Amino acid sequence: MKKTFIPLFWKFTIGIVSAIILFNAINIPVIWQTVTGSLEQELDQQGVFIAKSITEKSVTSILFNDVAELNNLIDLTSSIDSNIAYVLIFDGKNNIIAHTFDNGVPIDLIKANSLKNHNELSVVLIQDKNENGKYIRDIAVPILGGKNGTVRVGFREDRIRKNIDFTYNYLIF
């Protein structure tokens, strides 16, 4: 039986390629989780900042029941960032007093994210039935400790998913 002769160059090449493939097989899932977590955390921070900003600007309007000013505030805010899917403002009795929907607020969205503890914010991922199963990150922030209401802002997940997909494809190639 004759042994096959493999030159030293090809032995090193096969070894190096095998090591790179193994390294990437381990690295890609770790990097995927890190990038995904970082982008989601960034979106959460942006959403909380915008929701708290609306909360601070809406306190006087809520106390004086100035619905027109609340609608102006949320329309202006939602026009600034295209990733904002909606803004809802609830009073202390959990009634909607202002929103950005043209045809009324979807019923299943009203109870999708309620604050358990009135002093803390809440972030929930909701599947949007109107946009082919895409996801919306719903952020709820209490107004004056939750006794005077809640502001909820919904952010589309499209941008974050595109960034994650781009990074993943870049790593693979």
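The values are calculated or read from the model by the stated rules, or taken from the named source; none is laboratory data. Please read all numbers here as calculations on a predicted model, not as lab measurements. Don't worry about glycine lacking a Cβ; one is built from the backbone with ideal geometry, like all the others, and counts go over all protein chains shown. For accessibility, only protein heavy atoms count, side chains too; no ligands or nucleic acids. Shrake-Rupley method; radii C 1.70, N 1.55, O 1.52, S 1.80 Å.
Structure summary
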| quantity | calculated |
| --- | --- |
| Among (1) open to solvent by 40 Å² or more (accessible area, probe 1.4 Å); (2) without any contact (Cβ under 8 Å) to a residue 24 or more places away in the chain; (3) assigned to a helix (DSSP H, G or I), the one test that PHE101 misses | (3) |
| Some residue of the range 35-50 being over 26 Å from ARG161 (Cα atoms) and surrounded by 10 or more Cβ atoms within 10 Å (Cβ to Cβ) | no |
| Looking only at the range 54-86, and only at residues there that are farther than 18 Å from ILE139 by Cα and among the charged types (D, E, K, R), the one that is modelled with the highest pLDDT | GLU69 |
| Only one of THR55, THR34 that is part of a helix (DSSP H, G or I), hydroxyl-bearing (Ser, Thr, Tyr) and in contact (Cβ under 8 Å) with a residue 40 or more places away in the chain | THR55 |
| Evaluation of GLY92 against (1) open to solvent by 50 Å² or more (accessible area, probe 1.4 Å); (2) closer than 24 Å to GLY149 by Cβ; (3) in a loop (DSSP other than H, G, I, E, B) (one fails), failing number | (1) |
